[in-house]
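Structure record follows, encoded as structure tokens.
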Number of protein chains: 2
Amino acid sequence: MIQSLTDLDREHLQEALNKSGQKVTSQREAVFTVLLAERDHPTVDEVFNRAREVMPGLSLATVYNCLETFVGCGLVRQVNHERESTRYCPNLSPHAHFRDKETGRVHDIELPPEVIKSLRAILPPGFDSEIIEISFQGRAQAKDNSAN
Amino acid sequence: MIQSLTDLDREHLQEALNKSGQKVTSQREAVFTVLLAERDHPTVDEVFNRAREVMPGLSLATVYNCLETFVGCGLVRQVNHERESTRYCPNLSPHAHFRDKETGRVHDIELPPEVIKSLRAILPPGFDSEIIEISFQGRAQAKDNSAN
DNA sequence: GTGAGACTTTGAATCATTCTAATTAGTCAA
DNA sequence: TTGACTAATTAGAATGATTCAAAGTCTCAC
């Protein structure tokens, strides 16, 4: 069952939206709640279905809009794997993604600062990168804790 | 103008295809030639248009098929950026990709073995990865040599 | 030269995503 | 309260990359 947002999370949402001149709406709150409730990198469709349990009138277009808004104000990250549907991730700390070939599940992998540094170091002069995306593919031993 | 394949490249193509029980056809040769001619990570459509200059009857589906075949037998790599059209890359040495935000161009960045090692090292036990993909996004100073 | 299997072709179908136009909700001023 | 303004939401159509299905062609072993 989907809990409602903690006060802290609601503040977080409000602050991020306000900072870019946008409003907290019940739809945005619902979508954000869904993202935080189960941190399993859901697709738009998955978010849509989960959110509708709580807000039946919600439209798919709105879910797209909300997620785009959140990405725009830095509340969530997109995760793409090849041409599969885009997935969404509310984990903001620097991390890589590991995609299990068998299940399609995506796991977060913590990314230590020195690794990031060594990656930046391989860029030739003149290349300046704000964003680095790292994704592994392979097999993850079932160790089904931390449901990423 | 599109040159034809060198003998070496033709052998390379032949060997890779044969190894997986597939044949060299004139279409595959044309598509492969296009990929090697200009190493700029073309989309399917770009490959299609270039290849048709040399083989007017070629169909789009065949270009999709050829590229899929090449990926399957390890002759080329796919490069995806968000939901843009997939691009194709005949560079087989380990490398990352850098996507210039302004131009959309993709550049290859050589990937030293020790960086790969340090990346593998961040995987928790139980995670086994065959493939690591690294992509940078940012600005590349116009230094328009090596047309990647 | 025939037949089997691999490859190619055309055009239709799919599917995620984006767009458009119309509606609703929220806010502020009078 | 009323109206006016703006941002957000909605439903459904449109888009665009990719895949699929069916029919046609080629090649090579026999």
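Worth pointing out:
- Within a Gaussian network of chain B (alpha carbon springs, distance under 10 Å), most fluctuating of B:Ala16, B:Ala121, B:Ala37: B:Ala121
- The accessible-area loss of the range A:96-113 on complex formation, taken against its chain alone with a 1.4 Å probe, reaches 50 Å² or more at A:Ile109.
- Over the range A:93-138, volume per residue of the alpha carbon convex hull, in Å³: 81
- Only DSSP H runs of four or more residues enter the estimate; each adds -39500 (n - 2.57), and after division by the residues of chain B the mean residue ellipticity at 222 nm equals -11000 deg cm²/dmol.
- Across peptide B:115-121, the average count of Cβ atoms from other chains found within 10 Å of a residue's Cβ is 3.
- log10 of Debye I(q)/I(0), alpha-carbon scatterers only, for chain A at 0.09 Å⁻¹: -0.32
- Top positive-direction residue, dipole computed over chain A with Cβ charges, set A:Ala61, A:Leu13, A:Gly72: A:Ala61
- Distance between the range A:92-119 and the range B:72-132 - C-alpha centres, whole angstrom: 14
- Over the range B:60-133, equivalent-ellipsoid semi-axes from the Cα gyration tensor in Å: 25, 17, 12
- Between the range A:30-45 and the range B:1-47, the alpha-carbon center distance in angstrom: 43
- Neighbouring Cβ atoms from other chains, within 10 Å of the Cβ of residues in A:59-66, number 0 on average.
- Each other copy holds its own label point for A:Gln141; taking that point as 7 Å from Cα along Cα to Cβ, the gaps run 4.7 nm, nearest first.
- Total accessible area lost when B and A pair, probe 1.4 Å, Å² to nearest 100: 3200
- The lysine pair tally for the protein assembly as shown, using Cα distances under 25 Å and a gap of 8 or more places or different chains, is 9.
- Local net charge near B:Thr43, Cβ-Cβ under 9 Å (Lys/Arg +1, Asp/Glu -1): -2
- Sulfur and carbon atoms: percent of accessible area, the range A:1-80 [1.4 Å]: 47
- With protein chains left intact and a 1.4 Å probe, residues in the range B:54-107 average 46 Å² of accessible area per residue.
- Angstrom value of the Kirkwood radius, inverse mean 1/r, which spans all Cα pairs in the protein assembly as shown: 21.5
- Most mobile of A:Val24, A:Val44, A:Val79 in a GNM of chain A (Cα contacts under 10 Å): A:Val24
- Simple Cβ-charge dipole of chain A, Lys/Arg +1 and Asp/Glu -1, about Cα centre, in debye nearest 20: 140
The values are calculated or read from the model by the stated rules, or taken from the named source; none is laboratory data. Computed from a prediction, not measured in an experiment: that's the story for all the values here. Every residue, glycine among them, receives a Cβ derived from its backbone with ideal geometry; neighbour counts consider all protein chains shown. The accessibility values were calculated without ligands, DNA or RNA, using every heavy atom of the protein model including side chains. Shrake-Rupley method; radii C 1.70, N 1.55, O 1.52, S 1.80 Å.
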